[in-house]
1. May I ask you to say which residue of ALA56, ALA27 is in a helix (DSSP H, G or I), surrounded by fewer than 17 Cβ atoms within 10 Å (Cβ to Cβ), at pLDDT below 95 and at negative phi?
2. Among the residues that make up the stretch 44-52, is at least one of them assigned to a helix (DSSP H, G or I), open to solvent by less than 30 Å² (accessible area, probe 1.4 Å) and in contact with a Leu (Cβ under 7 Å, 6 or more places away or on another chain)?
3. Considering only residues that are among the hydroxyl-bearing types (Ser, Thr, Tyr) and open to solvent by less than 20 Å² (accessible area, probe 1.4 Å), look in the stretch 129-144 and name the one that is modelled with the lowest pLDDT.
4. Which count do you get for residues in the stretch 1-24 that are of a type in the set (Val, Ile, Thr) and in a helix (DSSP H, G or I)?
5. List, please: which pairs have Cβ atoms under 7 Å, are six or more places apart or on different chains, and start with a residue in the stretch 25-40 that is over 12 Å from LEU54 (Cα atoms) and end with one that is among the small types (Gly, Ala, Ser)?
6. Conditions: (1) loosely packed, with under 15 Cβ neighbours inside 10 Å; (2) modelled with pLDDT of 95 or more; (3) not acidic (Asp, Glu); (4) not in a loop (DSSP other than H, G, I, E, B). LEU76 meets all but one. Number of the miss?
7. Across the stretch 88-113, which residue is farthest from GLY68 (Cα to Cα) among those that are at pLDDT below 75 and surrounded by 15 or more Cβ atoms within 10 Å (Cβ to Cβ)?
8. Only residues that are β-branched (Val, Ile, Thr) and in contact with a Ser or Thr (Cβ under 7 Å, 6 or more places away or on another chain): list them for the stretch 33-53, please.
Amino acid sequence: MPTSSFHPAVARWFDGAFPGPTAAQVAAWPAIMAGCNTLVAAPTGSGKTLTAFLAAIDALVREGLAHGLPAATQVLYVSPLKALSNDIHLNLEAPLAGIREELARFGLPDVDIRTAVRTGDTPQSERAALRKHPPHILVTTPES
């Protein structure tokens, strides 16, 4: 599946950041974008995390441009390990920033997709803040 199925700003960011989609991405994106439950089993470094997130980010970008994003969590990512949850959060920031830049280059409105990580160690003050101002993408762990 070429990136042309994504919103042009999302596709342009991806095409500028990577030489092309991995086999896992090509195989999984059509099912994910069709709303199907999808299991991605592939070797380390094959882009599994971005496979899942990019389709979700694309849907949020499209919704944000069409109607604005609600103040609600739209995507829940459960990471098996706390250390991975922080890496995933960091790996979300670059794509989101790059996509926002591409939206601006297209002359489109900004879509500010908020992210957060919540683990068993998240202080009560941060948990309360997440309830008052929920992220669109929440990365969490099973112990949370």
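1. ALA27 is the lone residue from the list that is in a helix (DSSP H, G or I), surrounded by fewer than 17 Cβ atoms within 10 Å (Cβ to Cβ), at pLDDT below 95 and at negative phi.
2. no
3. THR141
4. Looking only at that region, the number is 2.
5. That search, which allows pairs on different chains as well, returns THR38/ALA28; THR38/ALA31; VAL40/ALA24; VAL40/ALA28; VAL40/ALA52.
6. Of (1) loosely packed, with under 15 Cβ neighbours inside 10 Å; (2) modelled with pLDDT of 95 or more; (3) not acidic (Asp, Glu); (4) not in a loop (DSSP other than H, G, I, E, B), only one is false for LEU76: (2).
7. Looking at the filtered set, the residue picked out is ILE88.
8. VAL40, the sole residue that qualifies.
The values are calculated or read from the model by the stated rules, or taken from the named source; none is laboratory data. Predicted model, so just to flag it, every value in this text is computed and none were measured. Cβ coordinates were reconstructed from backbone atoms using ideal geometry, including for glycine residues, and neighbour counts include every protein chain displayed. Quick note on the areas: whole protein, heavy atoms, side chains included, nothing else; ligands and nucleic acids left out. Shrake-Rupley method; radii C 1.70, N 1.55, O 1.52, S 1.80 Å.
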